[in-house]
Amino acid sequence: MSRLPLWAGRACARRATRPAGPRAEVAACRRRAIWPAAPHVSLPLFTRAGQRGVLRNRRPVPPQRVTPVGCHLQGGVSVKKIGVAGCGLMGAGIAEVSARAGLDVVVVESSQAAADAGRERLAASLRRAEAKGKIPDAAAVLDRIDVVTDLEALADREIVVEAIVEDEAAKVELFGKLDRIVTAPDAVLASNTSSIPIMKLAVATSRPSQVLGLHFFNPVPVLSLVELVPSLLTDPEVAERVRGFARDTLGKHVIHSQDRAGFVVNALLIPFLLSAVRMVESGFATPEDVDEGFVRGCAHPQGPLALADLIGLDTTKAVADSLYEEFKEPLYAPPPLLARMVDAGLLGRKSGRGFYRYGEGRR
């Protein structure tokens, strides 16, 4: 440690007796910035003569409140029962990661055909995971998932995640139904919405303090990110506990977003995708050249148009519509080409054709 001359200690004592002025106030602020509220920190001080003293920081330390986090929602009881509304790409992915975490999962679809398709989607994904050595027994995981068509089956769930079509009216209606059906007084109602403000869903219930956004990313079993989006009315303790559940039970990396359309990721991503669509629409470049430019020139794993096809062009447009409705900025407005493709049913991978064709011998 560097030595301080003896006169330095005497000079400090003399300064302590002087009246405080602007410079003294600035110096005090700087000391507080360097040594923020440490609990009676003692620092050694060596004089030229080898004498040893101490400099003490005598500022009192306020007690710190530590909020426990983990896979608990109330009273230290672990979450064991989770419900998912919707068994499309996102709903099936959420159900899969929940079952792989050992939870009892109930998934509700709107029809028996959709339920059958959802269960097959789950089975296929789990078989792939087993083949890659990611899980030991696909059948055992699938046995923890019950895919039904009766919304009443969600009555005893501790967390229900809504993952239906990105349509505000449909989501608001569903949240009203879930509020009446889910009986546990401390149950959390979460939405996997990509862009709709959570407040609009929360006010459709009698428990807005227990409603928040829990936005997963596709494919859910592969991508680790989750956006946690509390509304102005969400209880902070509920938000913190759901954060712990997503992190510790589901193994996700959680980031926090304010309740505004698009949250963090889509507010940045969607304008980028729309710019790529406009470039193709104007004839400036082909989809292949746009995507190849970003893969080879920017080291992206895939180009923006292939990514839009993966997300679903209908979902991309719905998120863009929500962003434009809230902010009224031109960069969020869906290009006419995107709207026409959605009208034509060219939705990307899910329909077999978007900016590219998918299927036998194709992407």
(Q) Take the conditions part of a helix (DSSP H, G or I) and more than 26 Å from residue 122 (Cβ to Cβ) and apply them to residue 295. Does it pass? (A) yes
Q: Those residues that are surrounded by 15 or more Cβ atoms within 10 Å (Cβ to Cβ) and at negative phi, I need them from the stretch 342-353; list them, please.
A: 342, 346, 347, 349, 350, 351, 353
Q: Working only within the stretch 270-294, note down all residues that are free of Cβ contacts under 8 Å to residues at least 24 places away in the same chain and farther than 16 Å from residue 339 by Cβ.
A: 279, 283, 284, 285, 286, 288, 289, 290, 291, 292, 293, 294
Q | Lone unmet requirement of (1) closer than 22 Å to residue 217 by Cα; (2) small (Gly, Ala, Ser); (3) buried (at least 16 other Cβ atoms within 10 Å of the Cβ) for residue 187 | A | (1)
Q: Could you list all residues from the stretch 194-208 that are modelled with pLDDT of 95 or more and either buried (at least 24 other Cβ atoms within 10 Å of the Cβ) or charged (D, E, K, R) (or both)?
A: 198, 200, 201, 202, 207
Q | Residue tally, condition on the phi < 0 side of the Ramachandran plot, part of a loop (DSSP other than H, G, I, E, B) and not hydrophobic (A, V, I, L, M, F, W, C), over the stretch 122-164 | A | 11
Q) Has the stretch 335-344 got at least one residue that is at pLDDT 95 or above and part of a loop (DSSP other than H, G, I, E, B)? A) yes
Q) Out of the residues in the stretch 211-237 that are surrounded by fewer than 20 Cβ atoms within 10 Å (Cβ to Cβ) and of a type in the set (A, V, I, L, M, F, W, C), which is nearest to residue 311 (Cα to Cα)? A) 217
Q) Out of all the residues in the stretch 161-175, which are closer than 16 Å to residue 202 by Cβ, surrounded by 15 or more Cβ atoms within 10 Å (Cβ to Cβ) and not acidic (Asp, Glu)? A) 161, 171, 172, 174, 175
Q) Looking at the stretch 101-131, which of its residues are surrounded by 16 or more Cβ atoms within 10 Å (Cβ to Cβ) and among the acidic types (Asp, Glu)? A) 104, 109, 130
Q.
I need the full set of residues from the stretch 327-341 which are free of Cβ contacts under 8 Å to residues at least 60 places away in the same chain and either crowded, with 20+ Cβ neighbours inside 10 Å or closer than 13 Å to residue 262 by Cβ (or both), in order please.
A. 329, 341
Q) Pick from the stretch 72-95 the residues that are in contact with a helix residue (DSSP H, G or I) (Cβ under 9 Å, 6 or more places away or on another chain), modelled with pLDDT of 95 or more and not in a helix (DSSP H, G or I): which of them is surrounded by the fewest Cβ atoms within 10 Å (Cβ to Cβ)? A) 86
**Q.** Filter result for residue 150 (within 15 Å of residue 84 (Cα to Cα) and surrounded by 14 or more Cβ atoms within 10 Å (Cβ to Cβ))
**A.** no
Q. Quick one: residue 324 ticks every box in (1) surrounded by fewer than 20 Cβ atoms within 10 Å (Cβ to Cβ); (2) out of contact with any helix residue (DSSP H, G or I) (no Cβ under 9 Å at 6 or more places or on another chain) bar one, so which box is it?
A. (2)
Q: Tell me which residues, restricted to the stretch 161-174, are of a type outside the set (Asp, Glu) and either over 16 Å from the mean Cα position of the chain (by Cα) or not assigned by TED's automatic domain parsing to the domain that holds residue 199 (or both).
A: 164, 165, 169, 170, 171, 172, 174
**Q.** Qualifying residue in the stretch 305-328 (condition: in contact with a Lys or Arg (Cβ under 7 Å, 6 or more places away or on another chain) and either farther than 19 Å from residue 192 by Cβ or in the same structural domain as residue 219 (by TED's automatic domain parsing) (or both))
**A.** yes
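The values are calculated or read from the model by the stated rules, or taken from the named source; none is laboratory data. Given the structure is predicted, the values throughout are model-derived calculations rather than measurements. Ideal geometry is used to build each Cβ from the backbone, glycine not excepted, and the neighbour counts take in all protein chains shown.
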